[in-house]
Amino acid sequence: MPCSVGRAAHRRLTLAGVETTLDRIRAFLAEHRPPTPALVIDVDTVLSRYAALADAFAPGRVQYAVKANPAPPVLRALARAGAAFDVASPAEIDLCLRAGAPPESLSYGNTIKKPADIATAHARGVTEFTCDARGDLDNIARHAPGARVSVRLLVDDGPDSITPFGQKFGCRADEAARLCLDAASAGLEPVGVSFHVGSQQLDPGAWDVAIASAAKVFTTVSEHGVRLHRLNVGGGFGVPYAGPAPSVETYATGVREALAAHFPDTRPELVIEPGRAVVAEAGVIRCEVVLVSRKSEADPHRWVFLDIGRYNGLAETENEAIAYRFDVVGEHTGADGPVIIAGPTCDGDDVLYQRTPYRLPLSLRQGDRIDILATGAYTASYSSVAFNGIEPLRTYCISEGRLISAE
Ligand SMILES: *Cc1c(COP(=O)(O)O)cnc(C)c1O
């Protein structure tokens, strides 16, 4: 039987010391049995993913996008490893500072900010800001005099971004060049250009068009006597969910080739800003089946209701954008069948998957446990406070297999 062969091979690997993230998380869950739903983050995996990205993009600077998972142990471990941070609010700034990150390592990447937020960031020692509009640039000049400024370019995130940003952020190249020059006139230090090609971007070629457009901004600005020297190519690096994703090395090669093509003379300093690629694969959500039902006896589909849904951690299932992998815990060796998977709240939109074909064992019953894999990014941080009285997703961080925080 293929599955027992798999298990034997798995045991051999574990005995040989090749323990996977999932092994460590499952061992923790077996020992501690936290109430479900529970997100378990293996901080050692966060560090190895960070190291892989830092290696692949060396000597580029890695700014971890805090919104993907702001758990304090994650931030502490990354700060200790020398990561920089992309922050979007005074609260995220304080989280990073409390985690031991020096203020120089923080970049205020959110282009939507109040004057008071800029003043707070400045008072905390943050010296780098991103903007994409005149109004925000004026506020930065007023409330963070002398700050370093990057201008965010609007790029087409194309059909291969699973969770695109659309048109919300960035400005066109001509406006970006103008803002860089205006920043210099306003006594700020324009350092370069940033962009984001859309999250879970599965096309490594997507960076090429954006880097070409950034190079134009560098040229235009230099023609007016201002030299830019930094290129922030954003995040967006994909991870495998139900389907595969390119490797970190493939993304790095794509970026390196685009830099060589569009910056033939002087290569700018490279900054990457990954969120998902640092934390997604470090996390597993253990949840419980609340109910299995059919709308009629003849209905081939079972509805499987979980104790986690759109509002307590799985927001990225909106439009079924992210198709997570589900792994039923325990012995379910019989046949499987088609299911619609839904969350626990009284909201009609709290259905996770009804178009994406999912199959679960026919033996699945209420009370069974399911592990949802690669759920370390954009889960706990998207969880509502108490929709329908359901509490936010709890995060348990482990390192070397031991619990280091629960909140
Ligand atoms: C969210 C965000 C990121 C991280 O994006 P991922 O797709 O998670 O890598 C990086 N930069 C900015 C400005 C962001 O808003």
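Okay, here's what the table says:
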item	result
J(HN,Hα) series, the range 110-115, from Karplus relation 6.51 cos²θ - 1.76 cosθ + 1.60, nearest Hz, glycine and proline x	6, 7, 9, 8, 7, x
Cα-centre dipole for the chain with unit charges at Cβ (Lys and Arg positive, Asp and Glu negative), debye to 20	540 debye
Where Cα atoms sit under 21 Å apart: lysine pairs in the range 43-279 separated by 8 or more or lying on different chains	5
Of Gly343, Gly401, Phe387, farthest towards positive along the dipole that unit charges on Lys, Arg, Asp, Glu beta carbons give the range 259-407	Gly343
Selection of GluC sites (Glu not before Pro), the range 264-361, meeting DSSP coil and at most 13 other Cβ within 10 Å	Glu297, Glu331
Ratio of Rg to Rh over the chain (Cα coordinates, Kirkwood Rh, two decimals)	1.01
Furthest towards positive pole of dipole, Gly235, Asn69, Pro90, structure part the range 43-279, Cβ charges	Pro90
Highest average packing first - 161-167, 344-350, Cβ atoms within 10 Å	161-167, 344-350
Amide H contacts under 5 Å for Tyr64, placed H, 5+ residues apart	Ala84, Phe85, Asp86
Against the rule of thumb 2.2 N^0.38 Å, how large the Cα Rg of the range 43-279 comes out	0.95
Top of Ala315, Ala81, Ala280 by mean-square fluctuation, Gaussian network on the chain, Cα under 10 Å	Ala81
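A short reminder: the numbers here are calculations on the coordinates, not readings from a lab. These numbers were taken from a predicted model, which means no experiment stands behind them. With ideal geometry, Cβ positions are generated from the backbone for all residues, glycine too; neighbour counts draw on all protein chains shown.
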